[in-house]
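Okay, so here's the structure we're looking at.
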């Protein structure tokens, strides 16, 4: 199958790789291909998920989420919470260990739980403690989670996990900010794919990092 046709505004010579769930902008020809690729300062991905979002329900993190959902008796929003836990687990695996901000729709900003051991705390730990707290007791109407994570030098990430009620499916939008290589994007997508039922991940926007002087 030939690669998808992308508008010239998003063509990126170095965003190439094997055929997979990760769809890159098309590769250019000529001298640009021979130059060392310049990293990116921003990459935006749109991720499509299968109806059953969790790939490995046996992982401890998902068992803990299941237990908390049963305690809260939250059914309708359950897949969104499992998705959020899986995304946080994947981000933690590639080095994003801090949760800097999160909010929900509807509802807005939610307080971060106090971290007793911040240096070793992982995002999924914040999420599980928050899910068990009184601040997150009323979850049934939630439609989206927006989270910012950090922990890697000169790199942060924002993601929004949404549930689309009428279509009974979920979507995920990711923004990476900092100094980003195509290899890192593939590594992140691989971590997500190992935990969630990803159908495809598409780079839809990006910006080049400034040239070094």
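Laboratory data are not the source of any read-out in this text; all were calculated from the coordinates shown. All figures in this text were calculated on a predicted structure; none of them were measured in a lab. We place every Cβ from the backbone using ideal geometry, glycine too, and count neighbours over all the protein chains shown.
The distance between label points at residue 183 and residue 204 comes to 2.9 nm (points 7 Å beyond Cα on the Cα→Cβ vector).
Packing, as the average of other Cβ atoms within 10 Å across residues, places the peptides 86-95, 145-154 in the order 86-95, 145-154, highest first. Between residue 164 and residue 137, residue separation times 0.36 nm minus the direct Cα-Cα distance comes to 7.6 nm. For the range 124-190, the fraction of C-alpha pairs more than 14 angstrom apart is 70%. If you average over every viewing direction, what projected area does the convex hull of the Cα atoms of the range 41-208 give, in nm²? Over all viewing directions, the range 41-208 projects a mean Cα-hull area of 9.3 nm².
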